[in-house]
Amino acid sequence: MVVRALIFDFDGTLADTEAAVLRSWQETFAGYGVELPLDVWHTVIGTSNTGATMLALLAEHVGDLDPEVVRPVMRARVHELLAAEGPRAGVLGYLDEADELGLALGVASSSSGEWVLGQLERLGIGGRFSAVETGDRHAAKPRPDTYLAALGRLRVGAGEAIAFEDSPHGVSAAKAAGIVTVAVPNPITVGLDFGKADCVLPSFGAISLAALLGRIGLAGAPKQEL
């Protein structure tokens, strides 16, 4: 297997935005005297259904709920929480190594382009990626469409890429696209089932990109816990 490209999920993978989104929703629910069940939250991680699912769940408890009142407040709180947050630890090292190795970089996300592009610019890494494919342009994960679009934009085959994901839905999407997939769970997803991933890392800092490529250099190699 000759790797020519790396494709990253965004939320929870390149940056731990999921913690901020979860906290904002928890605070929103608490404001109505309701607790947000984490088991429900886990079902929407990596999909494009988060907002709709949370609003529907909250409406079950409080009755008449105006989404146009709730959403702006929730989103403003997310931006406030993320203002001082950078990429996940070790991400910049992986991007630097990829550049040194001449690898193309892409993003495949279920979130909207406005959100992903805005956050990439905020983090100062927007110019690193030649392809940014999002859930407002393609079917969201666990469908493989964002990954297939990224492969097309990067002009590489599925067997020439490696995907990085933080959620089981994301892993399913990348695997459905035929891509070797590395799971890098974050604190919210660490307890979920990553049995479909080819490799599981505790963090991007656990192993260098060059060493990782050496360990999963053969497609179909047994899953490794590193």
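Both radii are taken from the alpha-carbon atoms of the chain; with Rh as the Kirkwood radius, Rg/Rh is 0.98.
Percent of C-alpha pairs per 10 Å bin in region 21-72, short distances first: 24, 63, 13. A 1.4 Å probe run over the protein chains yields, for region 39-162, 49 Å² of accessible area per residue, whole-number rounding. If you average the sequence gap of Cα pairs under 8 Å that are 6 or more apart and divide by the length of region 65-135, what percent do you get for the contact order? Contact order relative to length: 31 percent. Between helix 145-154 and the chain there is an angle of about 40 degrees, using the helix long axis and the longest principal axis of the Cα atoms.
For the chain, the dipole from Cβ point charges (+1 on Lys and Arg, -1 on Asp and Glu) about the Cα centre works out to 640 debye, to the nearest 20. Comparing Val62, His169, Ala5 along the charge dipole axis of the chain, the residue lying farthest to the positive side is Ala5, per the Cβ-charge model.
Compared with the dominant principal axis of the Cα atoms in the chain, helix 50-62 is inclined by about 20°. The mean sequence distance of close C-alpha pairs (under 8 Å, at least 6 residues apart), as a share of the length of the chain, puts its relative contact order at 26 percent.
A rounded overall shape is assigned to region 109-214, the ratio a/c of its alpha-carbon gyration tensor axes (a ≥ b ≥ c) being less than 1.5.
The values are calculated or read from the model by the stated rules, or taken from the named source; none is laboratory data. As the structure is a computational prediction, the values presented were derived from the model and not from experiment. We place every Cβ from the backbone using ideal geometry, glycine too, and count neighbours over all the protein chains shown. Surface areas here come from the heavy atoms of the whole protein model, side chains and all, with no ligands, DNA or RNA. Shrake-Rupley method; radii C 1.70, N 1.55, O 1.52, S 1.80 Å.
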